[in-house]
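Written below as structure tokens is the structure these notes are about.
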Amino acid sequence: MSIKVFFALLLGRAVRLLSRLLHRGGTDMPGRLALKLCPDLLTRLARGIRCVAITGTNGKTTSARMIEQAFSDRGLRYFANRSGANLVSGITTEFIMNADLLGRPRKEYAIIECDEAAAKHAFGMLRPEVVLVTNLFRDQLDRYGEVTHTLANIREALHSTPDTLLCLNADCSLTASLAGDLPNRVVWFGIEKGAAPSRPQPEISDATHCIRCKTEYAYDYITYGHLGGYRCPLCGYRRPKADYAVTDVVEQRADGSDVVMSLRGKARAVSVNLPALYNVYNAVGAVAAVTEMGLDAEAAAEALGRFRCGFGRMERFPLGSAGARMMLVKNPAGCNQVLEFLERLTEPFVLVVCLNDRSADGTDVSWIWDADFELLSTLGPRLEKLIVSGDRAADMRVRVKYAGVPEERTSEQRDYESLVQTLEKETRPIFLMPTYTAMLELRQVVIRHCGGAEFWE
Amino acid sequence: MELKVCHMYPDVLNLYGDRGNILCMKRRLRLRGIDAEFVRCPIGSSASLSGFDLVFIGGGQDFEQQVLLDDLHRGKDREIRAAVEDGLPFLTICGGYQMLGHYYETYDGRRCDFIGAVDLITVGSDVRMIGNYKFRCEPDAGGTVVVGFENHSGKTRLGSGVKPLGKVLAGFGNNGEDGTEGVHYKNVFGTYSHGPLLPKNPAFCDFLLATALERKYGRAELAPLDDRAELAAHDEMCAKL
């Protein structure tokens, strides 16, 4: 071991200690500074650790937590970048904290979620055993550019890891195209035709034309967005057969889903402890990744009924007399899935939408017009109250006005302290829909009022 | 009164909340009791623009650009050029705006022929012009201050015979150099402003609708609406810039 590595590790740990003393997360800075001192630190620390990496537009954190539950159920020694610090610096911080000062790993496994743009640098250093790609949707265009650009980033990232096994979403024509020109072994996951009622083609789809030849796709069925059974009438590019498939969505409840999965041909009933169809995708993707890491599929499937996600992903809080759920939204596709979840609720509820436009949210808020907030206008009295908040509350207010939500049911409350005080008196279930930086702030205030874990815990 | 609006290429030009512009026009017409028919004209649809009173073209991704150009060059380009000269009102945003020009030259020098309906060209640069911005429309384009969001790497230059839509007050506009934003030629309004453009700029939306109504009926009476929410969003961003 070089002396540089030792000092980089020492520096990283010192910065982390200082951050925690100052009540900061210290999830990013330790890794960032340590990498300055020793640029190949992550490569060195990742050697000898069996890593599963998760990337894609939506569902990274939830999929990672599902995988984590399976690992912890089996008593495996692992660590994860749990706090959403998913750039190279944040990932490095986790590796520093899970190595001794000689750079020797303290754990056997790492479960790492990785930002789509950062994957290009991170994957080569991590050399993951398995990479799970959840899906690709248009997302924060000012930051990532168009979705085919993100796809190219991930492809480039995977070029540096030919030995990695890929778990790819078969239903996403963009994600699935990664398999074509890479030497990697691939397993597929997806939701089969007929498992859930097919939806009409959305007004706005992120992948209407064949990624190979630019001919318009034909669809056998659509689960949501551009996901489903696509095929290109000209070049024959089509949804591959899924090795890990959801064959039946038996019931979608407000607190979870019951589904049947076919895991490498073996049928099994699975209960997913999180509601909404997008979490069914996360679940089957996680089972695929866990199984391919060498655990048995049964254990992986069982973990899905037990795990709790947290950190703003359908996270529960004892706020108000009926409780609250926080549902992070970042882009039209994810937002639409949350809105569809709300549409299924039968009881009246209170909705809070917090829209920020800081760099981690995307500075361009035009995406709210691509999301189907019109669904809210179909809820009638079930949407008892709608509160808009965040730095761009005024824009959100215009959006819901045009979506047809009655203005007398809409109000604006920017100060989180008074917002949470108002919510404490609510008797209806509360749903909080913040963008990323709004989630971090609002979550702090909610936790101060009713308890919960700090974000790095 | 009735307006028939063509939403051109909603299948591929729909990138930056452009749907909000359609929603906005629909709502503001409906509240005034003006009938409106919005017709989606995707790739492969009939080229004819006859019978339409207004055409909207949004922005899109580079990925589908060739599909789009192939479709345009199957007759829509001629139809659009004739309609523009005939004074048909157009609102075109970002990619839809660039598309009306003669060509787009990429940063590495490849030239992509557009339709040449308006005398302007766009040249790619190595920096993207991204951010909230505002501009003041020229008096003959309504004279109002518009706020929006721009995200483009192409620098647009107007020909000598056409005027800009407005002057940049904050941000980049057409090219970040000459202080112009967008184009106004006959009844064509082109701009880089998405965000989307119309909901937060109700005065500009009404100006556009009035232009279409006047052309069709010789007059336009648009009763004032309750725009408090829209103007609050407009003014808040205006003050920040």
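The values are calculated or read from the model by the stated rules, or taken from the named source; none is laboratory data. Values in this document were obtained by computation on a predicted structure and should not be read as measured data. Neighbour counts run over all protein chains shown; Cβ positions are idealised from the backbone, glycine included.
What number of residues within segment A:377-398 satisfy the criterion of being buried (at least 24 other Cβ atoms within 10 Å of the Cβ), in a helix (DSSP H, G or I) and aliphatic (A, V, I, L, M)?
Residues in segment A:377-398 being buried (at least 24 other Cβ atoms within 10 Å of the Cβ), in a helix (DSSP H, G or I) and aliphatic (A, V, I, L, M): 2 in total.
With segment A:1-110 as the region, which helices (runs of 4 or more DSSP H) entirely inside it contain at least 3 residues that are out of contact with any helix residue (DSSP H, G or I) (no Cβ under 7 Å at 6 or more places or on another chain) and either surrounded by fewer than 16 Cβ atoms within 10 Å (Cβ to Cβ) or in the same structural domain as A:THR150 (by TED's automatic domain parsing) (or both)?
Details: elements: A:3-21, A:29-37, A:41-46, A:60-73, A:88-97.
The qualifying helices (runs of 4 or more DSSP H) are A:3-21, A:60-73.
Residue-wise test of (1) buried (at least 21 other Cβ atoms within 10 Å of the Cβ); (2) within 12 Å of another protein chain (Cβ to nearest Cβ).
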{"site": "B:GLU2", "(1), (2)": "no, no"}
{"site": "B:VAL12", "(1), (2)": "yes, yes"}
{"site": "B:MET25", "(1), (2)": "yes, yes"}
{"site": "B:ARG30", "(1), (2)": "no, yes"}
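Pairs under 6 Å by beta carbon, first residue within 14 Å of chain A (Cβ to nearest Cβ) and under 26 Å from A:ALA403 (Cα atoms) in segment B:175-201, partner aliphatic (A, V, I, L, M) and part of a loop (DSSP other than H, G, I, E, B), six or more apart or different chains?
Taking only residues 6 or more apart or on different chains, the pairs are B:THR191/B:LEU165.
Which numbered condition in (1) within 22 Å of A:PHE137 (Cβ to Cβ); (2) more than 10 Å from every other protein chain (Cβ to nearest Cβ); (3) of a type in the set (Asp, Glu) is the only one that B:ASP18 fails?
All conditions pass for B:ASP18, except number (2).
Quick test for you: out of B:THR92, B:THR122, pick the one residue that is modelled with pLDDT of 95 or more, under 25 Å from A:HIS209 (Cα atoms) and more than 14 Å from chain A (Cβ to nearest Cβ). Quick ask: steps written out before the conclusion?
Numbers: B:THR122 fails: under 25 Å from A:HIS209 (Cα atoms).
It is B:THR92.
If the Cβ limit is 7 Å and pairs must be 6+ apart or interchain, which residue in segment A:430-447 that is over 10 Å from A:CYS354 (Cβ atoms) pairs with which residue that is modelled with pLDDT of 95 or more and of a type in the set (Asp, Glu)?
Between residues of segment A:430-447 that are over 10 Å from A:CYS354 (Cβ atoms) and residues that are modelled with pLDDT of 95 or more and of a type in the set (Asp, Glu), the close pairs are A:VAL445/A:GLU417.
Looking only at segment A:137-153, count every residue that is in contact with a Leu (Cβ under 9 Å, 6 or more places away or on another chain) and either of a type in the set (Ser, Thr, Tyr) or within 12 Å of chain B (Cβ to nearest Cβ) (or both) and tell me the total.
Here is the first cut: in segment A:137-153, the residues in contact with a Leu (Cβ under 9 Å, 6 or more places away or on another chain) are A:137-138, A:141, A:146-148, A:150-151.
So of that shortlist, the ones also either of a type in the set (Ser, Thr, Tyr) or within 12 Å of chain B (Cβ to nearest Cβ) (or both) come out as A:138, A:141, A:146-148, A:150-151.
Residues flagged as in contact with a Leu (Cβ under 9 Å, 6 or more places away or on another chain) and either of a type in the set (Ser, Thr, Tyr) or within 12 Å of chain B (Cβ to nearest Cβ) (or both) within segment A:137-153 amount to 7.
Among all residue pairs at least 6 apart or on different chains, which show Cβ distances below 7 Å where the first residue, located in segment B:216-241, is at the interface with chain A (Cβ under 10 Å from one of its Cβ atoms) and the second is in a loop (DSSP other than H, G, I, E, B)?
From segment B:216-241, the pairs are B:GLU230/B:PRO199; B:GLU230/B:LYS200; B:ALA233/B:LYS200; B:HIS234/B:LYS200; B:HIS234/B:ASN201.
When you check B:ASP70 against the structure, is it within 13 Å of chain A (Cβ to nearest Cβ), over 25 Å from B:LEU23 (Cα atoms), modelled with pLDDT under 95 and more than 17 Å from the chain's Cα centre (by Cα), yes or no? Give the steps one after another, and end with the answer.
Working: within 13 Å of chain A (Cβ to nearest Cβ): yes; over 25 Å from B:LEU23 (Cα atoms): yes; modelled with pLDDT under 95: yes; more than 17 Å from the chain's Cα centre (by Cα): yes.
So B:ASP70 passes the test.
B:ASP206: more than 14 Å from chain A (Cβ to nearest Cβ), more than 13 Å from the chain's Cα centre (by Cα), among the acidic types (Asp, Glu) and farther than 21 Å from A:ASP395 by Cβ, yes or no?
When the stated conditions are applied, B:ASP206 does not pass them.
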